[in-house]
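Okay, so here's the structure we're looking at.
Just so it is clear, none of the values below were taken in a lab; they were calculated from the coordinates. Given the structure is predicted, the values throughout are model-derived calculations rather than measurements. Backbone-built Cβ (ideal geometry, glycine too); neighbour counts: all protein chains shown.
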Amino acid sequence: MHGDTVIPVVLLMGPTAAGKSDAAVALAARIGGEIVSADSAQVYRGMDIGTAKPDAATRTEVPHHLLDIIEPTDAYSVAGFRRDALAAIAGIRTRRRVPIVVGGTMLYFKALRDGLSALPQADAGVRAALDARADEHGWPALHAELARVDPSTAARLSQHDAQRIQRALEVHALTGRPLSSLQGARDNLADIGPSIAVALAPAERSSLHAAIARRFDTMLTAGLVDEVRALRERHSSLTTDFPSMRCVGYRQTFEYLDGRGDLALLRERGIAATRQLARRQLTWLRSMDVTTIDCFAADAGTRVAEAVARALEAFERRPEARPERR
């Protein structure tokens, strides 16, 4: 790579249980890369088993970023991820290494590639005022108010959809403009620059289902129940209302610890929820411009490395990738 060119970022995405982490580590070792996690569950400290977080030895072998950055009782937004990921990518490039963004949170990849709607940050005061009015008059009344200031958004929301009604009214209060008029506008933050997008996905859905079941069984054997029990003891306020405990596997384990079903039902619910997550991830992938490799091919890791190597070589040959001669 030329000394003054922008190093392309590798985006390695795919559904859960597709082998992304192992492929990313092997790729990083091969091309001199560092890994940026694009996993909305791996940001939480103490959530290791249920997120299949890389272990200490792997993280010593290859630097990882955006793991263990917040507590399970904290909130983390897509905008926060985009900001943190861009900073991590810039740092990796400064070290003349290859940034490899890997994970299954497709909204994170979309935010990195396309930016975010230019919407204001949440305002606790405005939200508290809206909550107070809703307590007094009900969310249908606030939905009617939304219909007056933003009929387009109101038309697609149920009058009982408190979270989205609140957000739409909050945006109007902060900007004086309807949410529907702002959603097409993108932020003006720096983009990720040149990128290479590769996905690991199954040729046969049944193979992924089998891998999901094996993986969940491995998590149970490794101590997922004890992990969630420890989180509950460490954070007394933790409930399934927190985004961390809505993560696949954690909600089902939390309910099991509350006495809602036995271990067999936990397993059944956990596998079913993971399948649903995988289906949503695959739907996202079909809408994205990405080179897809069968994740269960015997040489899947090699194919990923070869696809990335070809793309890097093609980038090197581009005229704009060569420094100007002075």
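For the chain, what is the calculated [θ] at 222 nm in deg cm²/dmol (nearest 500), taking -39500 (n - 2.57) for each run of four or more DSSP H residues and dividing by its residue count? Please report the intermediate quantities before stating the final value.
Values: 14 runs with 171 residues, N = 326.
Rounded to the nearest 500, the figure is -16500 deg cm²/dmol.
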### Among G104, A311, H209 the positive-end extreme of the charge dipole of the chain (Cβ point charges)
A311
#### Entry: GNM flexibility winner over the chain from L263, L11, L27 (Cα, springs under 10 Å)
L263
### Query
From the square roots a ≥ b ≥ c of the eigenvalues of the alpha-carbon gyration tensor of region 243-326, which class results: rounded (a/c under 1.5), prolate (a/b over b/c), or oblate?
prolate
#### Entry: About the Cα centre, charge dipole magnitude for the chain (Lys/Arg +1, Asp/Glu -1 at Cβ), debye
800
### Task
With a 10 Å radius around each residue's Cβ, average the other Cβ atoms per peptide and rank 74-81, 236-243, highest first.
74-81, 236-243
### Message
Let me check against my output: what whole-number percent is the relative contact order of region 126-239, with C-alpha pairs under 8 Å and at least 6 apart?
### Response
16
### Message
Between E204, E227, E145, where does the largest GNM mean-square fluctuation fall for the chain, given springs only between Cα atoms within less than 10 Å?
### Response
E145
### Value of relative contact order over region 175-326, rounded to a whole percent, pairs C-alpha under 8 Å and six or more apart
34
### Summary
Phi-derived 3J(HN,Hα) across region 269-286 with the Karplus relation (6.51, -1.76, 1.60, θ = phi - 60°), rounded Hz, x for Gly and Pro, is 5, x, 5, 4, 5, 5, 4, 4, 4, 4, 4, 5, 4, 5, 4, 4, 4, 5
### Message
On a full-extension model of 0.36 nm per residue, what is the gain between A29 and Q276, subtracting their alpha-carbon distance, rounded to one decimal in nm?
### Response
85.7 nm
### Message
For Cα pairs less than 8 Å apart in space and 6+ apart in sequence, what is the mean separation divided by the residue count of the chain, i.e. the relative contact order in percent?
### Response
27
#### Entry: Prolate/oblate/rounded call for region 124-182, Cα gyration tensor, a/c under 1.5 rounded
oblate
### Task
Indicate the gyration tensor shape class of the chain (rounded, prolate or oblate), computed on the Cα atoms with a ≥ b ≥ c the square roots of the eigenvalues: a/c under 1.5 is rounded; otherwise a/b larger than b/c is prolate and the rest oblate.
oblate
### Top positive-direction residue, dipole computed over the chain with Cβ charges, set I196, S158, T73
I196
### Task
Have a look at A199, A26, A222 and tell me which one the Gaussian network model of the chain (Cα, springs below 10 Å) gives the largest fluctuation.
A222
### Query
Non-local amide H neighbours of V98 (under 5 Å, H modeled in plane, Pro and chain starts lacking H): which ones?
G33, E34
